[in-house]
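Report on the structure given below.
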Amino acid sequence: MEQTTLGIGTRLQHTQHGPGVIVGVRYATYLISFINSGVKEIDKTDTQLDEIIPENVTEEIETHSEVEKSLLKILRLWGDVTEKVPLGERWEGGTMLLQPKDKLLKPKEIPIEDFFHKIVMLRDRLRVLEQNINSSKNLSDEEKVNIQQYITRCYGSLTTFNVLFKNKEQWFVGEKGGKE
């Protein structure tokens, strides 16, 4: 019998422990609840196991720890990925000119796409900061609220750049906008 594909609910007979039911599946073992001896962890390749009634048979059994490892790997790989935020069409291909007061000095020209990308990155980093603050176990609720209000004021300072966004739902919203 191929022991590595049994699922939770499969009824088994074990030479030593008697009849039982699989209640958990791990990478190399089954957690089996035996009528006579309680829950035991048995190796999947144990030759003393005999299948009686199969249940939830699958080739892709993964443990919680394996799923967590996979999820953490994905999050690390994609953790820095930001949503695609489109620039307003009228700004595409445009440039931003920073002209010093002294006309003898050379102005600085910046592609609007580059500047917009920096603005979006700043917004995304503020969002991550908010999440870290909200999930912090070291900060009191009062401290979280105070820092959160400060971040909201930062968003308010950035509303000037909303003109660059194609979609209004991606705009910065400060204190006044949040109350409406």
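We did not get these values from a lab; they are worked out from the coordinates using the rules stated. Please read all numbers here as calculations on a predicted model, not as lab measurements. Note that each Cβ is placed from the backbone with ideal geometry, even for glycine, and that neighbours are counted across all protein chains shown.
Projecting each Cα onto the charge dipole of region 82-179 (Lys/Arg +1, Asp/Glu -1 at the beta carbon, about the Cα centre), which of Leu158, Trp171, Leu126 comes out farthest on the positive side? Selected residue: Leu158. Spin-label model, Asn138/Tyr27: points 7 Å from Cα along the beta carbon direction are separated by 3.2 nm. Sorting Glu143, Glu51 by the number of Cβ atoms found within 10 Å of their own Cβ, with the fewest placed first, yields Glu143, Glu51. Rounded to 0.05, the FRET efficiency of the Leu126 and Glu92 pair, given R0 = 41 Å and the Cβ-Cβ distance, is 0.95. Would any residue of region 132-161 have its amide N under 18 Å from a label point 7 Å out along Cα→Cβ of Glu175? List them or say none. The answer is 142-160.
Roughly how far apart, in whole Å, are the Cα centres of region 87-118 and region 19-33? With region 87-118 and region 19-33 each reduced to a Cα centre, they are spaced 64 Å. Ordered by the count of other Cβ atoms within 10 Å of each Cβ, fewest first, Thr29, Thr95, Thr10 give Thr95, Thr29, Thr10.
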